[in-house]
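**Q** The structure's right below; bear with me while I get my questions together.
The values are calculated or read from the model by the stated rules, or taken from the named source; none is laboratory data. Note that the structure is predicted; figures quoted are calculated from it, not measured. Cβ sites come from the backbone with ideal geometry, for glycine too, and all protein chains shown count toward neighbours.
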Amino acid sequence: MSDTPPRRGPVLIELDAPPADPRPGPASEPRDDTLNPADAPPIDATDPVLPRPRTMEMVTRLVGRPPSRLTRFFINSGVALFTFLLSISALNFISGLLTRYPVLGWIGVALFALFTLAALGMAWREYRAWARFARIDAIQRQAGAALADDSMDKARAVADDMLALYRERPELEWHRKRLADNRGDAFDARTLLTMAETELLASLDQDARREIEAAARTVATATALIPLALADVAAALAANLRMIRRMAEIYGGRAGAVGGWRLARTVMTHLVATGAVAAGDDLIHTVAGGGVLAKVSRRFGEGVVNGALTARVGIAAMEVCRPLPFIAQPRPKVRNLVTRGLRGLFGSDERG
């Protein structure tokens, strides 16, 4: 044993103890407190901002918002006052003209009478158009009741009404004969309505799809190429109103100036009532595609989304103007309509 005394060195005393590991696990598991760069979030991990369809939002607000009672009272009273004053002024002018120049006065009377007859004719046309829409709406309700009750009597009445509705359409003459000859083979309401839909509405659905594709293409192009703020809104509004009027004409209705505007409001109300304004599965892909294109051109991305919303308005117009619901025929999808509509910008859109 050596007599050499032990050496004394510095002593390290830790004042703060390390915090305990809150993660569960065995105490002998080693802990790695080093930061891993791979765990850091990417810089551009934020969600991309999708283009907003400002043009179609403005069109929907202009068409779908109903005026208040005060606004309707103001418009009606203003139109009545203007018509009354215009009539009094015309009568005073014609009476004075008859006194001074009888020949010119009688010419004025004849022109005023012709204008009155033309105004009455336009009013009669608007009344007949809405009577035809009421007829189509009655067929829709009766068809829904026939499907719900599985009633052959109601289904036969619906088939008779549809044959009478398209009696004056020469392009459907062969289909009407087929339906009239084969309707006796149906033994339930759904089969008979499916037969009526296939024979009478299949070709009309193709024409309606083409109109929707053309309107979506027009709105998308106008949004992408027109730099003015309100010019694209006017172009989209005109394209949507024309598309809705064409839907009515295809399925058997006719809408004039006032009737077309009221029909557009009915279509917008149908969109809100059915929840079709929300982004469904058929619209999500189109909006996502518009977000991708917005990285290249913001206006072109907005054009794609506006075209998709125009296609959705067209589908709602089909559901409003169509005498029967979609039973056997496939319901159009926004994605397919927009794809075919935009394909027409770069080539032929003929169906294979």
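**Q** Report, by residue number, each residue of region 68-89 that is loosely packed, with under 10 Cβ neighbours inside 10 Å and either part of a helix (DSSP H, G or I) or touching a helix residue (DSSP H, G or I) at 6+ places or on another chain (Cβ under 6 Å) (or both).
**A** Residues satisfying the conditions are Arg69, Leu70.
**Q** If you don't mind, there's one more thing I want to ask. Tell me, please, whether a residue that is at pLDDT 50 or above, closer than 22 Å to Tyr251 by Cα and touching a Leu at 6+ places or on another chain (Cβ under 6 Å) can be found in region 286-308.
**A** No, there is no match, as no residue in region 286-308 is at pLDDT 50 or above, closer than 22 Å to Tyr251 by Cα and touching a Leu at 6+ places or on another chain (Cβ under 6 Å).
**Q** Which residue out of Val59, Val49, Val63 is modelled with pLDDT under 85, within 30 Å of Asn240 (Cβ to Cβ), hydrophobic (A, V, I, L, M, F, W, C) and loosely packed, with under 11 Cβ neighbours inside 10 Å? Talk me through it step by step, then tell me what you get.
**A** Working: Val59 fails: loosely packed, with under 11 Cβ neighbours inside 10 Å; Val63 fails: loosely packed, with under 11 Cβ neighbours inside 10 Å.
Answer to the selection: Val49.
**Q** If Ala129 passes every condition in (1) surrounded by 13 or more Cβ atoms within 10 Å (Cβ to Cβ); (2) under 16 Å from Leu193 (Cβ atoms) but one, which one does it miss?
**A** Every listed condition holds for Ala129 apart from (2).
**Q** Could you run through region 216-261 and say how many residues are part of a helix (DSSP H, G or I), at pLDDT below 75 and of a type outside the set (A, V, I, L, M)? Before you say what the answer is, go through the steps one by one.
**A** Going through region 216-261, the residues part of a helix (DSSP H, G or I) turn out to be 216-225, 231-250, 257-261.
Going one step further and asking which of them are at pLDDT below 75, we end up with 257-261.
Narrowing further to those that are of a type outside the set (A, V, I, L, M): 259-261.
Of the residues in that region, 3 qualify.
**Q** Since Asp137 meets every condition but one in (1) surrounded by 15 or more Cβ atoms within 10 Å (Cβ to Cβ); (2) modelled with pLDDT under 85; (3) in a helix (DSSP H, G or I), which condition does it not meet?
**A** (2)
**Q** When both residues are 6+ apart or on different chains and their Cβ atoms are under 6 Å apart, which pairs have a first residue that lies in region 120-135 and is among the small types (Gly, Ala, Ser), and a second that is in a helix (DSSP H, G or I) and surrounded by 12 or more Cβ atoms within 10 Å (Cβ to Cβ)?
**A** Note: pairs meeting the criteria are Ala129/Gly259.
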